[in-house]
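Worksheet for the structure shown next.
The values are calculated or read from the model by the stated rules, or taken from the named source; none is laboratory data. Small disclaimer: the values here were computed from a predicted structure and weren't measured. Cβ placement follows ideal geometry from the backbone for every residue including glycine, while neighbour counts extend to all protein chains displayed.
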Amino acid sequence: MKEPRPQHSTRTFEDLVAEGAAVPTEGWDFSWFEGRATEARPSWGYAASLAERLARSTAALDIQTGGGEVLDFALRRAAPEAPALAVATEGWPPNIAKATALLRPHGVAVVASPEDAPLPFADGAFDLVSSRHPVSPHWAEIARLLQPGGTYFAQHVGPRSVFELVEYFLGPLPQEQSAGRHPDHERADAEAAGLEIVEVRAERLRMEFYDIAAVVHFLRKVVWMVPGFTVEEYRPRLRALHEQIQTDGPFVAHSARHLFEARKPDA
């Protein structure tokens, strides 16, 4: 999400909800939120850092690429030193179509692959495997696909990300239900798969939602936040939140992100 601060909205609840419900949700382009929501960026600059690694790679795989926006940016920045072979996977059909159109000019093949399925590539096929916000890293598959000495470089979603908003709609969640995606657990799982940890860095980042349309679109786009979210089911809570924003100002939440870099040991 972009960072400029918007003007206070005077539009009605119904108009804003209808707008948020109508915006297409495919891909991971968040430019629609400009002026309606903000999210601070991690200090490490994932896309630019990925570009540096792509420029040193000969065979790269991007897992769960979404609409291909981050990989597109990184490949443009890495050119003309982009890898000779670059492949991406994605499991959601609208994203597959969008990523294919965006990445085809780079010569990147987008392979349809469900997020929980084994990946259809040979052992040791890649010297770089990357992912931005994977649903769940499959460490055994990542280790299998990497060449000896190869790198896994990713930005993961951390524990209790945007939980102020999640719990506004779902109520307080048990600690064990909200403790997933912890970087310490992922470090242990990666090591158990035979990878060496190079770096793990975690940050919590301020988010602000300036109108209810942004909340509706966000929950439709990031579907695991409030599973099964629909405007009709949550209309009373949406109306109450709209009135709260109108009276008190932006709704504040915090995203959790961690940078994860691991290496497959040399043979």
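Data overview
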item: Condition check for residue 172: under 23 Å from the mean Cα position of the chain (by Cα) and not in a helix (DSSP H, G or I); result: no
item: Total residues in region 109-150, condition in contact with a Leu (Cβ under 7 Å, 6 or more places away or on another chain), among the small types (Gly, Ala, Ser) and assigned to a strand (DSSP E or B); result: 2
item: Which listed residue, of 252, 231, is surrounded by fewer than 17 Cβ atoms within 10 Å (Cβ to Cβ), touching a Lys or Arg at 6+ places or on another chain (Cβ under 9 Å) and more than 13 Å from residue 166 (Cα to Cα); result: 231
item: Matching residues, region 216-267, being in a loop (DSSP other than H, G, I, E, B), of a type outside the set (Val, Ile, Thr) and touching a helix residue (DSSP H, G or I) at 6+ places or on another chain (Cβ under 8 Å); result: 225, 229, 234, 264
item: Unmet requirement for residue 181, which otherwise passes all of (1) at negative phi; (2) within 22 Å of the chain's Cα centre (by Cα); result: (1)
item: Candidate set from region 181-215 (those that are touching a Ser or Thr at 6+ places or on another chain (Cβ under 9 Å) and outside any strand (DSSP E or B)); member that is surrounded by the fewest Cβ atoms within 10 Å (Cβ to Cβ); result: 181
item: Residue tally, condition closer than 23 Å to residue 150 by Cβ, surrounded by 14 or more Cβ atoms within 10 Å (Cβ to Cβ) and either aromatic (Phe, Trp, Tyr) or out of contact with any Pro (no Cβ under 9 Å at 6 or more places or on another chain) (or both), over region 100-134; result: 13
item: Count of region 7-52 residues which are under 24 Å from residue 102 (Cβ atoms) and β-branched (Val, Ile, Thr); result: 2
item: Residues of region 31-57 classified as out of contact with any Asp or Glu (no Cβ under 6 Å at 6 or more places or on another chain) and more than 25 Å from residue 114 (Cα to Cα), total; result: 18
item: Hits in region 68-83 - residues which are in contact with a strand residue (DSSP E or B) (Cβ under 8 Å, 6 or more places away or on another chain) and surrounded by fewer than 24 Cβ atoms within 10 Å (Cβ to Cβ); result: 70, 83
item: Residue satisfying all of: in region 151-169; part of a loop (DSSP other than H, G, I, E, B) and within 14 Å of the chain's Cα centre (by Cα); surrounded by the fewest Cβ atoms within 10 Å (Cβ to Cβ) among these; result: 159
item: Selection count where residues are closer than 20 Å to residue 181 by Cα and touching a His at 6+ places or on another chain (Cβ under 9 Å), scope region 239-255; result: 0
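Conditions tested, residue by residue: (1) among the hydroxyl-bearing types (Ser, Thr, Tyr); (2) at pLDDT 95 or above; (3) under 24 Å from residue 256 (Cα atoms).
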position	(1), (2), (3)
38	yes, yes, yes
50	no, yes, yes
55	no, yes, no
74	no, yes, yes
88	no, yes, no
